[in-house]
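Colleague: Below you will find the structure I want to go over with you.
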Amino acid sequence: MPASSFREGAREGFRAFLPLSVGLIPWALVTGMAMISTGFTPAQAMGMNVIVFAGTAQLGTLPLIGIGAPLWLIVVTALALNLRFVIFSAAVAQGFRGIGTPTRWFAGHLLTDGVFACCLEKMLKVEDPRWRLGYYLAPSVWSWLLWQSFALIGVFAAGSIPKHWSLEFMATIALLMLLVPLARQRPMLVAALSSGATAIALRGMPLRLGLIVAIVVGILAGFAAEHWHAKGEAQ
Amino acid sequence: MSAEAGLWLSFILIGLATTLPRASFIVLGNRVRLPSVVQRALRYAPAAALAAIVAPDVLVVGADFAPLNPKLAGVVAAVAAATFSRNPWLPFIAGMTVLLGLRAMGG
């Protein structure tokens, strides 16, 4: 196995993820500003940013911290917001075959929605574990750097970026750019449509549990569509 | 416990509540194998999760289902840009331009 396969994988992973990573920037800026408006000092804000490293969990728990909610409620909310990562972790786990446990912890800590969606397919297909590790870690470390840098800018820019610029819409566009190529396959499209409709129908559920139900419904719908599709081909 | 210490404790616990779900199956790896049916079903997780996050964001305004809004127009522009061009930045430019343009016009 060539020693450079890690770097080859890293280069390819970085190239695949770079355009999508732009979506992290508004999230990081918004999160940095939100932590300051919750009343954190810059040191506390960056402390949370480094320890947690998760936009959804950070933005989701800030209002609770702000009103002095009990610690257990804050932690349960964070867990609910992060349940999707159990699904992602299980889906990508096979991509870490042949890789040691400490590295797996490091990789697990860095798992994000964008990197998962971008890297999953090749992580499962490619044989060379060094190539796979590079392909996963390059976008992950890049995400970490972007997240910390732009949250820091957000922390210090809090108050001077006009809210009506709606920078957070760039994050929505980034998520869509991940979704569009996936949805070209019929069962994936079915999964996305069912999940999206369920999420809208259940938007009133507490702790964003509707999101988790929607993901499960989408997975089941996609799986069912795959079976019907296969049956249709066989006949 | 001081308020400062309580805050840092909450950061650490939120951090654990994030890293443990993320690392769960990546670390357990071969010790816990999911059945292959479950693994195949999980291939639909990214599309389902992305749609579940994006759909309410784009189609719900306040608490109401309101599909005809500037965000949807921005999304249509971004998807069109992604379909007809290979430039990776164009969807962001198109989507933001349409959204801010419509908002400026009072749409």
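Colleague: On C-alpha positions alone, give me the angle between the axis of helix A:24-37 and the longest principal axis of chain A, in degrees, nearest 10.
Modeller: Approximately 30 degrees, to the nearest 10.
Colleague: When the Karplus curve 6.51 cos²θ - 1.76 cosθ + 1.60 is applied with θ = phi - 60°, which whole-Hz ³J(HN,Hα) does each residue of region A:38-55 get, with x for Gly and Pro?
Modeller: Listing the rounded values in order: 6, x, 6, 6, x, 5, 5, 4, 6, x, 4, 4, 6, 5, 8, 6, 7, x Hz.
Colleague: Here's something else I'd like to know. Find the sum over both chains of the accessible area lost when A and B are paired, probe 1.4 Å, and report it in Å² to the nearest 100.
Modeller: 6400 Å²
Colleague: Relative to the first principal axis of the alpha-carbon coordinates of chain A, what is the inclination of helix A:209-234, with its axis defined by its Cα atoms, in degrees from 0 to 90 and to the nearest 10?
Modeller: 10 degrees
Colleague: Would you give the gap between the C-alpha center of region A:8-56 and the C-alpha center of region B:1-53, rounded to a whole Å?
Modeller: 17 Å
Colleague: Please sort A:4-10, B:62-68, A:24-30, A:63-69 by packing, taking for each peptide the average over its residues of neighbouring beta carbons within 10 angstrom, highest first.
Modeller: So the order, starting with the most tightly packed, is A:24-30, A:4-10, A:63-69, B:62-68.
Colleague: Among the aspartates and glutamates, select those whose C-alpha is under 18 Å from the C-alpha of B:Lys71, and discard any that sit fewer than 8 residues away in the same chain.
Modeller: Straight-line reach from B:Lys71, under 18 Å: A:Glu168, B:Asp57.
Colleague: So, one more: How shielded is A:65-72 by partner chains, expressed as the average number of their Cβ atoms within 10 Å of its Cβ atoms?
Modeller: Per residue, the average neighbour count from other chains is 2.
Colleague: Now for a different question. Relative to the first principal axis of the alpha-carbon coordinates of chain A, what is the inclination of helix A:5-21, with its axis defined by its Cα atoms, in degrees from 0 to 90 and to the nearest 10?
Modeller: Rounded to the nearest ten degrees, it is 60.
Colleague: For chain A, what is the calculated [θ] at 222 nm in deg cm²/dmol (nearest 500), taking -39500 (n - 2.57) for each run of four or more DSSP H residues and dividing by its residue count?
Modeller: -26000 deg cm²/dmol
Colleague: Considering every residue in A:127-135, what mean count of other chain Cβ atoms within 10 Å of its Cβ is obtained?
Modeller: Average neighbour count from other chains, rounded to a whole number: 0.
Colleague: Any idea of the accessible area per residue across region A:108-208, 1.4 Å probe, to the nearest Å²?
Modeller: Solvent-accessible surface per residue comes out at 45 Å².
Colleague: Tell me which residues come under 5 Å, amide H to amide H, from B:Val60 once H is placed; ignore anything under 5 positions away on its chain.
Modeller: For B:Val60, whose amide H was placed from the backbone, the distant partners under 5 Å are B:Ala66.
Colleague: Can you give the Rg to Rh ratio for region A:1-135, taking only C-alpha atoms and Rh from Kirkwood?
Modeller: Taking Rh as the inverse mean 1/r over Cα pairs, Rg/Rh reads 1.04.
Colleague: OK, next. Quick one: net charge around A:Cys118, please, counting Lys, Arg +1 and Asp, Glu -1 for every other residue with C-beta under 12 Å from its C-beta.
Modeller: Cβ neighbours under 12 Å give a net charge of -1.
Colleague: Helix-only estimate, please: 222 nm mean residue ellipticity of chain B, summing -39500 (n - 2.57) across DSSP H runs of length 4 or more and dividing by its residues, to the nearest 500.
Modeller: For chain B, the value works out to -24000 deg cm²/dmol.
Colleague: Separate question: Give me a single rounded figure for B:54-65: the average over its residues of other chain Cβ atoms within 10 Å of their Cβ.
Modeller: 5
Colleague: A further question follows. Would you mind classifying the protein assembly as shown by shape? Square roots of the alpha carbon gyration tensor eigenvalues, ordered a ≥ b ≥ c; an a/c under 1.5 is rounded, otherwise it is prolate if a/b is larger than b/c and oblate if not.
Modeller: Taking the square roots of the gyration eigenvalues as a ≥ b ≥ c, the protein assembly as shown is rounded.
Colleague: Mind giving me the nanometre distance, one decimal, between the label points for B:Ile93 and A:Ser37, set 7 Å out from Cα along Cα→Cβ?
Modeller: 3.0 nm
The values are calculated or read from the model by the stated rules, or taken from the named source; none is laboratory data. Note that this is a predicted model, so its numbers are computed, not measured. A quick note on method: Cβ atoms are made from the backbone with ideal geometry, for glycine too, and the neighbour counts reach across all protein chains shown. Protein only, heavy atoms only, side chains kept; ligands, DNA and RNA dropped before computing areas. Shrake-Rupley method; radii C 1.70, N 1.55, O 1.52, S 1.80 Å.
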